[in-house]
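Dumping the structure here so I can ask a few things about it.
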Amino acid sequence: MSLWKHYLLPTSIQEAVDALSELDGTSAVIAGGTDLLLDLDQGRHPPVDTMVDITRIDELQQVRVEPEGIFIGAAVTHNEIIHNPVLKENVRCLVEGCGLIGGPQVRNVATIGGNVAHALPAGDGTIALVALDAQACIVNSEGETWLPIGDLFAGPGVTTFDRSRELIKGFRIPLSGPGEGSAFDRVMRPQGVAIAILNMAVWMRFASDGSIESARIAVGPGGPTPFRAHALEDLLSGRIIDADTLHESARTLQDEIKLRTSPYRATEAYRRHLIATLLDRTIGRISAQLLE
Amino acid sequence: MDRLKLMVNGEEHVVEVAPGEMLSDVLRYRLGLTGTKIACEEAECGACTVLLEDQPVLSCTMPAMKTDGKTLLTIEGLRSNGELHPLQDAFVKHGAVQCGFCIPGQIMTGYALLTDNQDPSEEDIRYALRDTLCRCGAYPRIITAVQAAAQSLRSGSPVSEPVMQVSGDERVVGRYAWRPDAIAKVDGTAMYSDDYEFPGMLHGAVLRAGVPHGIVRAIELEQARAVEGVHTILTAPDVPGRVNHGVVYHDWPALVGIGEKVRYVGDAIAIVVADTRGIAEQALGRIGVEIEALPVVTDPVEAYQSDAPRVHQDGNLLKHIKVRKGDVDLGFEQADVILDRVYFTPAMDHVFMEPECSIARITDDDRVEVYVGSQIPYEDREQIAAALGVDESRVRVIGTLIGGGFGGKEDIAGQIHAALAAYHTGRPVKILFDRHESLIVHPKRHATQIRVRLGAKRDGTLVAAQTELYGDTGAYASLGDKVMGRATTHSAGPYVIPHVKSDCYAMYTNNPPAGAFRGFGALQSIFAIETAMDELAEMLDIERVTLRRKNALRKGSIANTGQILDESVGLIDCIERVQARLEEVAGKDPFTARQVVGEPHLSRAWGFAVAFKNTGLGEGAPDRATAEVELLPDGTVEARTSSAEIGQGLVTVLQLIAAEEMGLPLESVRVLLSDTDLTPDGGPTTGSRQTYISGNAVRHAASALRDSISATLAEKFEVPPGSIRYVEGLAQVNGQQIMMDRVASIMNEEGRKPLVSFEYWAPETYPLGTEGDKHFAFSFAAQAAEVEVDLLTGEVRVLRVIAANDVGRAINPLGLLGQVEGGVIMGVGHALTEEFILEGGEVWTDQLARYRMPSIAQTPEIESIVVEHPTSEGPYGAKGVGEISSMPTIPAITNAIYNACGVRLRKIPVDQDWLALEIARKAPDGA
């Protein structure tokens, strides 16, 4: 059975949002389609009358440095992200996360906006953006709104914006300053669906004395939406990285996160067990980066 | 319909596309570019990779309209001026091609890599190809081929050929040869079933029961019939002949009718025949079916209980299989040490890359022709004819190329349904499974529970073995009793044990049927016994390899079935060769855990295991194959038999044998397989039997043809027949060179058709429980595997495998290497990635995303050691290898994991979650 009836290829944001508005909820925005098409085919997404393909809109494909930070268009693909020198320099955890997804065929079409719009609690690109404190720009026929990326998620696969009427234009991330670094890591299972058992992105800024000035940590799945570890971030502020800090960090994160058992994927106990390892690895890599 | 304009391989096309069409649909069905393959339709496997604006993308999940105005390159576009691209050439020469179905995807992805990187490292290749799956496991050859192509592209010189070890001193047998079917497989012209189109062809889709056990009370077809484009809908009463099919027992209904029983979720209820597959699938959704649910039994041990729900009228026991030798109670009385353990293996899926497809059509002379990739064409013919109620002579089965089988294409899939649809509509009908249907419907590997009791003396001498096996054969027998028979006879391992008692219960359940799968029951048993042997070695404090060597079968030993092994027993040799090599690469203490320098959480160790596997059917089943060899008027020779090329390399083996016997160059010999009108019956492609059985048939036919030619030439030229020589494609008679086309015409002039048909019968075997040999040959193997366990996360990587296989004789060294490496990689998958998961008879692993086969990223470095203890009846001494190469890999890996981290695995696949928590439990302070 056909997954859609009409296929539109707008070339401007205005054209796209006008079409969405006119179609009044019967359409879906498609970029790479790697998640959406499978959801449609396997019945997890309601049938769609019209696909609005946003991959021919120039602005959504851009990565550019603006005064407020780096803009990454929603339709930028994972492969473009991992090969972009500006992103490698400034948002290491995003580049690392996107490099772990799929093979080149999937990375060539799967977009960062699609990863976010899919709203999984453990999307690799999404978790990285959450740790980077990205701002997201949502557009509809009325205009555009910037909001913190964490505000986009309402539940597993559920967004606060209306995906049949609105689209993500892109993300803005502050440029990396001195003493700042980030890292991403995840643990996978060789059987079953290729979604991380647990992933983690960490961003840190160090003061000149080597202590942590500020940290942001995102973990998935740690609840119905991408999880931000605020208690751990508070703990880390002002600390130096040593065995005690790492040990306390793991305890703090284990206390604040809501882990659960996913059938055929991971037990709650195993996820809890992995927290210390992922913290060690990500924080260790950030320390190493800053020594480079 | 939308108008789509695109540039494909330099040519502009404008086509109308329907809503929902993917790029792969446009390429395959609108432009006829069938080189691009579809294997999953869920962006998992990479087979459908094409280049869009020079970048690799998956065409099966790319909406066609996305490519409007864009430029595409497909596998058909790689040849230039008629010449293969160096990457295509390298795939052919380096043996990277087996079944061929994934190859277009591998080559297109590799081509894109080479465009960006002229000198890719092995790591670069693994990263680029990590989501492009090959079930034959040709990954090591693919890496070699990509590097050979890169070298050729950089230097401008032709692609190098691999240097292969030569076996023996024959002229072509035992020497390097690339497979003749490889060229079509690398340039996109190879034709698999779904690549065929016929004028007026309709498409069938089958409604599956969806419930594991119940009685069909009603089938409502009105609404489905009303869908525009639906031609007919067939149900059980539309089967004119025998409703039930089955390779051994006819217990599997082609369609389940009203009042009849559904026994698993994949049972067929109705066949919709429509103008397109899409319409047929849409109509399926409008059929109303009422099934009264019955209690479900899904575990073979529960199925054996007397109060279990009955799957079949006669109960749930398909067969109780027994092996008895000596007096097992006496044996255990003599033992100083007794080990008693239970092991578990899950159901597994073959995941051949090519999903099942059958096309049936009625010919002008009113026969039924079925195009299908089948491992047993003559069996298919019998079953199709019986279902239609016609004589077998009215049915022709034409084997197309097969995109992998591994035992999973022995049973009927869509053959009968397509034939019924053609019979009722008079039109050609194609029935193509998608991956989802393939996973649900076809028989799996038997899930087993195997209890092993071993009794040994202090010095390690085995004195008794008792095994108890339960095998889940699912809803229908398929080859269940044969598979579990092999599990039983192999369950005490390749060891000399005076007292053996084995009992196996092959049980019906409401799970999908289980049948043949590479290793055929013996694989499960080898996991159990070879884990038990390591456990016993630890109990006895005897080194594991020493314990095995001490008890290993050798020439003159009496096997557990009472058979005396009087020749071709290379087990000790395999063990010693692996042990020697292991010492070279890993020192004297390879089985002790070693921390990786600088990474104290990573622990490495080697593990060891052995295996044996019968060649051929055995246990009293008549094992024969017929082959024809003919000298054609153009001077070339054709060898014909119905046996199947499923990727294993049979075509090359038969080509080598015929060329050897006829004294011809390889390129003068063509092999034609799998056509019940044109090729004589070669029997089933199963049980590692083709090289031996069909190989012998071709060998005898070819040598008889050569003798017949010599006799004719001797008469004509009045020379002794023995003086005639065949050199480089010419007959030498009395110093005169005669071209083979001239020889063919001389034969015809003399009234002797230059054709010999030979029916080869393998040595007789006898059923279990009787005297005499149960099998006419066994292959033996030993393997060592090195693993790295992450003590913190439980992640396991297999780093290196050393594999020694006693194959009797290496007829086709490149093909043999492919079988060994591919077998090892499948073993890695079975140990680490694969589990077919069922919930109350419903399939959870109903997508490729949920059933993982090993990728290039999981491929270890594999070293193959060829051990040759010839068997006197085998062609040039050869015996089977197709199955044994996977078998020791699994316990070698799980034993290595124990050695690395101290956690014993008695169940596969390895559960990383459980393993990590066990490691933590044993060492509370962490690594």
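Every residue in the stretch A:39-85 that is closer than 24 Å to residue B:68 by Cα, within 14 Å of chain B (Cβ to nearest Cβ) and exposed (fewer than 15 other Cβ atoms within 10 Å of the Cβ), please.
Result: A:47, single match.
This table checks each residue for (1) surrounded by fewer than 18 Cβ atoms within 10 Å (Cβ to Cβ); (2) within 12 Å of chain B (Cβ to nearest Cβ).
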| residue | (1), (2) |
| --- | --- |
| A:12 | yes, no |
| A:24 | yes, no |
| A:90 | no, no |
| A:97 | no, no |
| A:106 | no, yes |
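Could you tell me which of the residues B:65, B:7 is surrounded by fewer than 20 Cβ atoms within 10 Å (Cβ to Cβ) and either within 30 Å of residue B:177 (Cα to Cα) or in contact with a strand residue (DSSP E or B) (Cβ under 6 Å, 6 or more places away or on another chain) (or both)?
Sole residue among the options that is surrounded by fewer than 20 Cβ atoms within 10 Å (Cβ to Cβ) and either within 30 Å of residue B:177 (Cα to Cα) or in contact with a strand residue (DSSP E or B) (Cβ under 6 Å, 6 or more places away or on another chain) (or both): B:7.
Hey, among B:811, B:802, which residue is hydrophobic (A, V, I, L, M, F, W, C), outside any strand (DSSP E or B) and surrounded by 24 or more Cβ atoms within 10 Å (Cβ to Cβ)?
B:811
OK, next. Within the stretch B:56-74, which residues are farther than 11 Å from residue B:25 by Cβ and of a type outside the set (Ser, Thr, Tyr)?
Hits for the stretch B:56-74 are B:56, B:57, B:58, B:65, B:66, B:68, B:69, B:70, B:72, B:73.
For residue B:44, which of the numbered conditions (1) part of a helix (DSSP H, G or I); (2) within 9 Å of another protein chain (Cβ to nearest Cβ) fails to hold?
(1)
Residue check: is residue B:877 surrounded by fewer than 24 Cβ atoms within 10 Å (Cβ to Cβ), in contact with a Pro (Cβ under 8 Å, 6 or more places away or on another chain), farther than 30 Å from residue B:539 by Cβ and not basic (Lys, Arg)?
So residue B:877 fits the description; yes.
If I ask for residues that are of a type outside the set (Ser, Thr, Tyr) and assigned to a strand (DSSP E or B), which ones from the stretch A:209-222 would you list?
A:212, A:213, A:215, A:216, A:217, A:218, A:219, A:220
Taking the conditions exactly as written (in contact with a Lys or Arg (Cβ under 8 Å, 6 or more places away or on another chain), at negative phi and of a type in the set (Gly, Ala, Ser)), does residue A:192 satisfy them or not?
Against the criterion (in contact with a Lys or Arg (Cβ under 8 Å, 6 or more places away or on another chain), at negative phi and of a type in the set (Gly, Ala, Ser)), residue A:192 does not qualify.
Let me ask something additional. Please enumerate the residues belonging to the stretch B:731-753 that are surrounded by 15 or more Cβ atoms within 10 Å (Cβ to Cβ) and touching a Lys or Arg at 6+ places or on another chain (Cβ under 9 Å).
B:731, B:732, B:733, B:746, B:747
If you don't mind, there's one more thing I want to ask. Taking only pairs six or more apart or across chains, which ones have beta-carbon atoms under 7 Å, a first residue in the stretch B:698-710 that is assigned to a helix (DSSP H, G or I), and a second residue that is among the acidic types (Asp, Glu)?
B:699/B:661; B:701/B:628; B:702/B:661; B:703/B:661; B:706/B:661
Next up: Residues that are part of a loop (DSSP other than H, G, I, E, B), β-branched (Val, Ile, Thr) and more than 10 Å from chain A (Cβ to nearest Cβ): does the stretch B:898-920 have at least one? Outline the logic, then answer.
Residues of the stretch B:898-920 that are part of a loop (DSSP other than H, G, I, E, B), as a first pass: B:902-906, B:908-911.
Checking which are β-branched (Val, Ile, Thr) leaves us with B:903, B:908, B:910.
From what's left, more than 10 Å from chain A (Cβ to nearest Cβ): B:903, B:908.
Yes, the stretch B:898-920 contains a residue that is part of a loop (DSSP other than H, G, I, E, B), β-branched (Val, Ile, Thr) and more than 10 Å from chain A (Cβ to nearest Cβ).
Still on this structure, I have one more. Out of curiosity, is residue A:237 in the same structural domain as residue A:271 (by TED's automatic domain parsing), small (Gly, Ala, Ser), at pLDDT 95 or above and in contact with a Lys or Arg (Cβ under 8 Å, 6 or more places away or on another chain)?
no
Another question about this same structure. Tell me, which strands (runs of 3 or more DSSP E) lie completely within the stretch A:34-104 with 2 or more residues that are closer than 30 Å to residue B:124 by Cβ?
A:63-66, A:69-73
Is it the case that some residue within the stretch B:783-794 is under 22 Å from residue B:863 (Cβ atoms), touching an Asp or Glu at 6+ places or on another chain (Cβ under 8 Å) and crowded, with 24+ Cβ neighbours inside 10 Å?
yes
Right, another one. Pick from the stretch B:87-126 the residues that are assigned to a loop (DSSP other than H, G, I, E, B) and within 14 Å of chain A (Cβ to nearest Cβ): which of them is farthest from residue B:146 (Cα to Cα)?
Filtering first and then ranking leaves B:102.
Now for a separate question. Report, by residue number, each residue of the stretch B:818-868 that is surrounded by fewer than 22 Cβ atoms within 10 Å (Cβ to Cβ) and either part of a helix (DSSP H, G or I) or in contact with a Phe, Trp or Tyr (Cβ under 8 Å, 6 or more places away or on another chain) (or both).
Residues satisfying the conditions are B:837, B:841, B:844, B:850, B:857, B:858.
To keep it simple, each residue is scored yes or no on (1) within 22 Å of residue B:150 (Cα to Cα); (2) away from every other protein chain (no Cβ under 14 Å); (3) crowded, with 23+ Cβ neighbours inside 10 Å.
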| residue | (1), (2), (3) |
| --- | --- |
| B:13 | no, yes, no |
| B:23 | no, no, yes |
| B:57 | yes, no, yes |
| B:79 | yes, yes, no |
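Quick check: anything in the stretch B:416-436 modelled with pLDDT of 95 or more, buried (at least 22 other Cβ atoms within 10 Å of the Cβ) and of a type in the set (S, T, N, Q)?
No: the stretch B:416-436 contains no residue that is modelled with pLDDT of 95 or more, buried (at least 22 other Cβ atoms within 10 Å of the Cβ) and of a type in the set (S, T, N, Q).
Within the stretch B:557-565, can one find any residue that is surrounded by fewer than 16 Cβ atoms within 10 Å (Cβ to Cβ) and more than 26 Å from the chain's Cα centre (by Cα)?
yes
Right, here's the next one. Only one residue in B:488, B:531, B:473 is hydroxyl-bearing (Ser, Thr, Tyr), in contact with a Phe, Trp or Tyr (Cβ under 8 Å, 6 or more places away or on another chain) and either surrounded by fewer than 24 Cβ atoms within 10 Å (Cβ to Cβ) or in a helix (DSSP H, G or I) (or both). Which one?
Step by step, each of B:488, B:531, B:473 is checked, and only B:531 is hydroxyl-bearing (Ser, Thr, Tyr), in contact with a Phe, Trp or Tyr (Cβ under 8 Å, 6 or more places away or on another chain) and either surrounded by fewer than 24 Cβ atoms within 10 Å (Cβ to Cβ) or in a helix (DSSP H, G or I) (or both).
Further, regarding this structure: When residues of the stretch B:310-338 are filtered for being in a loop (DSSP other than H, G, I, E, B) and of a type outside the set (Asp, Glu), how many remain?
Final tally of qualifying residues: 8.
Within the stretch B:243-292, restricting attention to residues that are closer than 19 Å to residue B:313 by Cα and of a type in the set (Ser, Thr, Tyr), which residue is nearest to the other protein chains (Cβ to nearest Cβ)? Write out each step before concluding.
Restricting attention to the stretch B:243-292, the residues satisfying the condition of being closer than 19 Å to residue B:313 by Cα are B:243-246, B:248-265, B:267, B:291-292.
Remaining after also requiring of a type in the set (Ser, Thr, Tyr): B:249, B:264.
Values: B:249: 33, B:264: 21 Å.
So, considering only residues that are closer than 19 Å to residue B:313 by Cα and of a type in the set (Ser, Thr, Tyr), the one nearest to the other protein chains (Cβ to nearest Cβ) is B:264.
Moving on to the next point. Under 6 Å between Cβ atoms, which residue pairs at least 6 apart in sequence (or on different chains) link something in the stretch B:835-851 that is under 11 Å from residue B:347 (Cα atoms) with a partner that is modelled with pLDDT of 95 or more and in a strand (DSSP E or B)?
Once the first residue is under 11 Å from residue B:347 (Cα atoms) and sits in the stretch B:835-851, its partners that are modelled with pLDDT of 95 or more and in a strand (DSSP E or B) give B:836/B:348; B:836/B:444.
Quickly run through the stretch A:157-208 and pick out the residues that are crowded, with 20+ Cβ neighbours inside 10 Å, away from chain B (no Cβ under 14 Å), aliphatic (A, V, I, L, M) and in a loop (DSSP other than H, G, I, E, B).
The answer is none; no residue qualifies.
Oh, and also: Go over the candidates A:63, A:17, A:76, A:52 one by one and state the one that is of a type outside the set (Lys, Arg), under 30 Å from residue B:227 (Cα atoms), at pLDDT 95 or above and in contact with a strand residue (DSSP E or B) (Cβ under 8 Å, 6 or more places away or on another chain).
On inspection, the qualifying residue turns out to be A:52.
Give the stretch B:432-476 a look and list any residue that's more than 21 Å from residue B:297 (Cβ to Cβ) and among the charged types (D, E, K, R), or say none.
B:434, B:435, B:437, B:453, B:457, B:458, B:459 - these are the residues of the stretch B:432-476 that are more than 21 Å from residue B:297 (Cβ to Cβ) and among the charged types (D, E, K, R).
Among the residues of the stretch B:839-854, count how many are under 18 Å from the mean Cα position of the chain (by Cα) and at the interface with chain A (Cβ under 9 Å from one of its Cβ atoms).
Counting residues in the stretch B:839-854 that are under 18 Å from the mean Cα position of the chain (by Cα) and at the interface with chain A (Cβ under 9 Å from one of its Cβ atoms) gives 3.
The values are calculated or read from the model by the stated rules, or taken from the named source; none is laboratory data. Not measured: the values here are computed from a predicted model. Neighbour counts run over all protein chains shown; Cβ positions are idealised from the backbone, glycine included.
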